[in-house]
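Here the structure is laid out as structure tokens; the discussion comes afterwards.
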Amino acid sequence: MNAAFAKVRLYWPLTKSLQTGLLLSTGLAGYMSARCPVLHWTDLLGLALSLFMAIAGSTILNMWYDRDIDSVMNRTHHRPLADGRVLPNEALRLGLVLSILGVGMAGLMDSLYGLIVLAGLFFDVVVYTLWLKRRTCWSIVWGGISGGMPILAGRAFGLGYVDGVGLLLTLAVLFWIPTHILTFSMRYQDDYTAAGIPTFPSTYGLAATRATIAVSSVVAALCISAAGILIGMQWGFVRLLAVLSAGLLLLGVASVFRPTERVNFGLFKYASMYMLGAMLLISLGAL
Amino acid sequence: MRIAILDRILLLVMCLAAGYQIITGVEGLAPVPMIVYTVGFGVLLVAGLLLIILGFEALDSPVVIVVSTVIPLSLSLGLVWEHCSACRTPYLVFVIVGFLTVLATRLLPLRNRLPVLVLAVVHGIAGLTIFVLPVLLSATGRARPGFGLVGVGGALIGVGGLLLALLKAGKPLVSRAIILKILPGLLLLMTAAFVAGFALE
């Protein structure tokens, strides 16, 4: 029993639990935005489990492929794969098993839902990680598309079809991703340069990156707010969503006109809290 | 001074209370009070989140003085709009002129006492309005007794605003360490008083 717990403790960091949790929350919010007020707890649990396995699986495959990069970056060299605590083959097997189980379960629950989960996994592992991440800084667009798949999948599972609101929510996540990733790549620019990974800051400079962050924050906030209204969220929740969006916009603008490391870090953290808060509001507001 | 876990928890509870007020507390009001209360509690919420994320160093930003003016101005405007219809237009003019003057005295490189004076007048009038109006309405029976709690919130916002403003002006009443120690608790008490007061209106 102790050995099993030790393995779980060792494997858990491979899933990037906070990132996986955030993406999972978008999937659940997408579902709740469609199915409320009638909740189906078995569907909700199945959705959570299948999405968790698919997202965690693709994250582990990403970490398996990028272990050489992780080992030369200060921020990531202590990760279990990079420092040798987990063997590459072990991680590869775990990533494949979780991915297959996640996509398989999703497909059994609903074919459209399974297809969208599979698309998310394909964009993340094949297009983003294997193909583009080491070639172009624009790979984040594909990372963003894969990041938008859980919310689209959740809503499509709830409705049985893909609708405009689902696409709007996907766009919101897609445009939120640059705020998250680019502030991160600015903070750890030296690390990425050492690893030879092209990033927006190293390709286009800091000013252009900050402008991109500000614009994408505006678009993400507009998309989430519009989706909230179209979903039929109660006005109180829309008001709170508008307040949180205003905070994101102000920080985005501040990062352009008063750029400091503190503002950049604040924007990165706020963007994560904003997405989690927005997903909670979409879930609760549709009740 | 590093922000402690307890401070972060107090600020998080404060943010939740402000969020609750935005969602349910202003429902059914006329458009102007609804908007200005949303702005007031919204600024409080976002400021709380930034303090949680960035720590007390966030208070070093020059924007803090202008942003902290928005809270009493918006809340007092909402109260006046709801409960003193004869004063609506003059008070709206005061709020707009007051905010723009605070903004201008912060943007312009003035080396005299005008910025502090403007800040004291604007904060003073807005804070007194939030303190006096609910207490007066409760005392005269024109509002339920619980509404007087909004006045308590007004008093607390006055204390907090004064401490922060004088600290930023370089003439603190008490040390920075003491102010930062009591600030999260003060913000939570203030927000709780507002939320409870408006609920008992």
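Sort out which residues of the stretch A:187-223 are within 22 Å of A:L23 (Cα to Cα) and surrounded by 24 or more Cβ atoms within 10 Å (Cβ to Cβ), and write them in order of number. Selection gives A:I213, A:S217, A:A220, A:A221. In summary, B:S74 fulfils each of the numbered conditions (1) away from every other protein chain (no Cβ under 14 Å); (2) under 21 Å from B:L156 (Cα atoms); (3) of a type in the set (S, T, N, Q) with the single exception of condition (1). Among residues of the stretch A:213-239 that are more than 14 Å from chain B (Cβ to nearest Cβ), those with a Cβ under 6 angstrom from a residue that is not in a helix (DSSP H, G or I), sequence gap 6+ or separate chain, pair up as A:I231/A:A286.
Among the residues of this structure, A:L244 counts as one that is at the interface with chain B (Cβ under 8 Å from one of its Cβ atoms) and buried (at least 23 other Cβ atoms within 10 Å of the Cβ). What about A:Y270, is it within 22 Å of the chain's Cα centre (by Cα), more than 9 Å from chain B (Cβ to nearest Cβ), aromatic (F, W, Y) and surrounded by 18 or more Cβ atoms within 10 Å (Cβ to Cβ)? No: the conditions fail for A:Y270. When B:L45 is tested against (1) more than 9 Å from every other protein chain (Cβ to nearest Cβ); (2) within 18 Å of A:S245 (Cβ to Cβ), exactly one condition is not met: (1).
If you check B:G98 against the conditions, is it small (G, A, S), within 14 Å of chain A (Cβ to nearest Cβ) and either surrounded by 15 or more Cβ atoms within 10 Å (Cβ to Cβ) or more than 30 Å from A:F265 (Cα to Cα) (or both)? Considered against the rule, which asks whether it is small (G, A, S), within 14 Å of chain A (Cβ to nearest Cβ) and either surrounded by 15 or more Cβ atoms within 10 Å (Cβ to Cβ) or more than 30 Å from A:F265 (Cα to Cα) (or both), B:G98 comes out as no. Residues that are at pLDDT below 90, of a type in the set (K, R) and within 21 Å of B:L44 (Cα to Cα) do occur in the stretch A:250-262, at least one of them. Taken over the stretch B:168-201, the criterion of being over 14 Å from the mean Cα position of the chain (by Cα) and polar (S, T, N, Q) is satisfied by B:S175 alone. Looking across the stretch A:63-118, the residues that are at pLDDT 95 or above, surrounded by fewer than 20 Cβ atoms within 10 Å (Cβ to Cβ) and of a type in the set (S, T, N, Q) come down to A:N89, A:S111. Filtered by the rule that a residue be of a type outside the set (V, I, T), under 24 Å from A:M32 (Cα atoms) and without any contact (Cβ under 8 Å) to a residue 24 or more places away in the chain, the stretch A:240-272 gives A:A242, A:Y270. Would you confirm whether or not the stretch B:19-39 contains a residue that is within 14 Å of B:M190 (Cβ to Cβ), away from every other protein chain (no Cβ under 11 Å) and under 17 Å from the mean Cα position of the chain (by Cα)? No. Among the criteria (1) in contact with a helix residue (DSSP H, G or I) (Cβ under 8 Å, 6 or more places away or on another chain); (2) away from every other protein chain (no Cβ under 14 Å); (3) modelled with pLDDT under 95, the one B:R111 does not fulfil is (1).
Entry remark, the stretch B:16-42: residues being within 16 Å of A:G285 (Cβ to Cβ) and outside any helix (DSSP H, G or I) number 2 in total. Just wondering, is there one or more residues in the stretch B:55-64 that are in contact (Cβ under 8 Å) with a residue 24 or more places away in the chain and within 27 Å of B:L92 (Cβ to Cβ)? Yes, some residue in the stretch B:55-64 is in contact (Cβ under 8 Å) with a residue 24 or more places away in the chain and within 27 Å of B:L92 (Cβ to Cβ).
Among the candidates B:P90, B:P62, the residue that is surrounded by fewer than 21 Cβ atoms within 10 Å (Cβ to Cβ) and modelled with pLDDT of 95 or more is uniquely B:P90.
Consider the stretch A:126-156 and keep the residues that are of a type in the set (S, T, Y) and within 24 Å of A:V219 (Cα to Cα). The one that is surrounded by the most Cβ atoms within 10 Å (Cβ to Cβ) is A:S146. Listed by position, the helices (runs of 4 or more DSSP H) enclosed by the stretch A:58-155 that each have at least 2 residues that are farther than 23 Å from A:P201 by Cα and not polar (S, T, N, Q) are A:88-109, A:111-122.
The values are calculated or read from the model by the stated rules, or taken from the named source; none is laboratory data. As the structure is a prediction and not an experimental result, all values here were calculated from the model. Glycine also receives a Cβ, built like all others from the backbone with ideal geometry; neighbour counts cover every protein chain displayed.
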